[in-house]
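The values are calculated or read from the model by the stated rules, or taken from the named source; none is laboratory data. Given the structure is predicted, the values throughout are model-derived calculations rather than measurements. Counting neighbours? That spans all protein chains shown, and the Cβs are built from the backbone with ideal geometry, glycine included. Just so you know, the surface numbers come from the protein's heavy atoms only, side chains and all, with ligands and any DNA or RNA stripped out. Shrake-Rupley method; radii C 1.70, N 1.55, O 1.52, S 1.80 Å.
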Amino acid sequence: MPAPEELVEHLFRHQAGRLVSTLTRIFGPRHLQLAEDVVQEALVRALELWPHRGIPENPAGWLIGVARNRALDALRREASLAAKAGEIARVFSDANGSAEAMDDQLAMIFLCSHPEVPREARVALTLKTVCGFSTAEIARAFLIQETAAAQRIVRAKRLVRDLSFALPEAGELAARREGVLEVLYLMFNEGYTRSAADLCEEAIRLGRLVADHRDTRAPEADALLALFCLQAARAPARVDAQGDLFLLADQDRGLWDRARISEGMRRLDRSAAGNRITDYHLEAAIAAAHATAPDFASTDWRFIVHQYDLLYALNASPVIALNRAVAISRAEGAAAGLAALDEIQEHPALARYYLLAATRARLLEELGDSADAARWYARALECECSPAERRFLERHY
């Protein structure tokens with residue numbers, strides 16, 4: 001049995017979003033802060049009582065019961081919400097959650113991803129309300145000050161006050177779903193880049209919710225979930241016990257999560273049902289090529305370069321161009337990779353992106369130019385990166 005503090009943290013991750021989502025539906029988006037306060041009070045109460053009285057037999061049910069009672073107390077204080085008491089009692093009678101609660105959580109994701117909410121605020125609001133992340137954790141995930149993260153969240157909450165808490169109508173669903181998938185993509189990328197397992201797992205859980213729900217499933221949702229699973233499968237081999245990074249070529253593939261790879265391949269097969277190829281399909285195909293190669297030397301780099309060509313045609317992002325250059329270096333040699341890097345070297349979006357300098361350094365190293373490689377490693381160290389990435393660069397500098 002885990003310690004009470006560990007269990008409360010686990011429940012906060014897995015129950016808070018569902019509770020907040022259901023209470024927001026009942027109270028209305030105008031009272032989102034009230035819903036969050038009610039759930040927070042229940043969690044605080046658990047931290048106060050469990051270390052002294054012991055963990056209850058059904059911890060999740062206990063938490064739901066306390067949240068229900070706190071919600072009813074809130075209704076007594078808010079006369080305008082008094083009529084909601086019956087619905088609170090009905091919905092929270094199921095101590096183990098329900099399909100209705102899952103629908104509430106899905107609607108909450110769509111609410112957070114409303115077009116009226118700025119793009120950068122959508123992710124912060126989703127992490128806060130649906131995933132149970134604290135403002136401090138959100139700030140760390142995005143390498144911003146806690147005050148800046150709080151401002152994003154407050155601004156987003158202000159914008160959703162008068163919005164409808166519901167899944168979009170059929171005519172709106174495709175456009176809104178695109179925003180939801182973008183939020184999940186950004187969420188997973190942040191977790192993967194920072195080796196933050198919680199962030200990756202939340203993105204996968206919410207991705208399954210979108211991909212499997214009768215009203216929101218779509219080939220592109222399966223493609224995105226395939227990408228998540230195939231990338232996350234490599235997580236056990238990407239970082240060692242000290243938090244140091246391993247490049248793909250150096251990873252112990254025996255540590256890769258085969259069950260995750262299987263799920264990713266099944267999702268990729270399902271994603272082929274549509275008649276449209278998205279960025280997610282192509283990125284998942286690249287991840288699949290890596291995940292199914294028996295070793296680094298057997299990787300089909302020419303296939304991967306072709307996928308990046310198609311991806312760049314859809315989305316002419318400098319980061320995609322950088323990844324394409326890496327693939328070219330593997331398919332055609334370091335000199336060809338450097339030539340591809342030359343095409344994007346002066347792109348303003350990459351001016352402070354450490355991977356551009358680090359990639360050039362590695363390719364120069366492969367060509368035997370250690371002095372120039374050291375200069376580029378030094379430039380990479382001047383850029384913003386995570387502690388694990390910084391240690392990796394320092395080992396090579």
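Restricting attention to the range 344-355, which residues are crowded, with 17+ Cβ neighbours inside 10 Å, at pLDDT below 95 and not in a helix (DSSP H, G or I)?
The one that is crowded, with 17+ Cβ neighbours inside 10 Å, at pLDDT below 95 and not in a helix (DSSP H, G or I): Y353.
Please tell me if A249 is among the hydrophobic types (A, V, I, L, M, F, W, C) and at pLDDT 95 or above.
When the stated conditions are applied, A249 does not pass them.
State yes or no: is A211 out of contact with any Cys (no Cβ under 6 Å at 6 or more places or on another chain), over 14 Å from M108 (Cβ atoms) and in a helix (DSSP H, G or I)? Give the steps one after another, and end with the answer.
Numbers: out of contact with any Cys (no Cβ under 6 Å at 6 or more places or on another chain): yes; over 14 Å from M108 (Cβ atoms): yes; in a helix (DSSP H, G or I): yes.
It is true that A211 is out of contact with any Cys (no Cβ under 6 Å at 6 or more places or on another chain), over 14 Å from M108 (Cβ atoms) and in a helix (DSSP H, G or I).
For I328, which of the numbered conditions (1) open to solvent by 50 Å² or more (accessible area, probe 1.4 Å); (2) closer than 21 Å to L364 by Cα fails to hold?
With respect to (1) open to solvent by 50 Å² or more (accessible area, probe 1.4 Å); (2) closer than 21 Å to L364 by Cα, I328 is out only on (1).
Does the range 187-207 contain any residue that is crowded, with 22+ Cβ neighbours inside 10 Å, of a type in the set (G, A, S), closer than 21 Å to D300 by Cβ and touching a residue at least 40 places away in the same chain (Cβ under 8 Å)?
Scanning the range 187-207, I find no residue that is crowded, with 22+ Cβ neighbours inside 10 Å, of a type in the set (G, A, S), closer than 21 Å to D300 by Cβ and touching a residue at least 40 places away in the same chain (Cβ under 8 Å), so the answer is no.
Working carefully through the options A371, A358, A336, find the one that is in contact (Cβ under 8 Å) with a residue 12 or more places away in the chain and either farther than 21 Å from L248 by Cβ or not in a strand (DSSP E or B) (or both).
On inspection, the qualifying residue turns out to be A358.
Hey, could you check the range 133-152 for residues that are part of a helix (DSSP H, G or I) and of a type in the set (V, I, T) and say which is most open to solvent (accessible area, probe 1.4 Å)?
Of everything passing the filter in the range 133-152, T147 is most open to solvent (accessible area, probe 1.4 Å).
Name the helices (runs of 4 or more DSSP H) wholly within the range 230-330 that hold at least 3 residues that are over 22 Å from D198 (Cβ atoms)?
Details: elements: 235-238, 258-271, 279-292, 301-314.
Result: 258-271, 279-292, 301-314.
Matching residues to (1) acidic (D, E); (2) at pLDDT 85 or above; (3) open to solvent by less than 50 Å² (accessible area, probe 1.4 Å); (4) farther than 19 Å from V160 by Cα:
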| residue | (1), (2), (3), (4) |
| --- | --- |
| F92 | no, no, yes, yes |
| M102 | no, no, no, yes |
| E116 | yes, yes, no, no |
| R122 | no, yes, yes, no |
| C131 | no, no, yes, no |
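When you go through L255, L310, L245 one by one, which is the residue that is open to solvent by 30 Å² or more (accessible area, probe 1.4 Å), over 30 Å from E178 (Cα atoms) and of a type in the set (A, V, I, L, M, F, W, C)?
Only one candidate passes the filter, namely L255.
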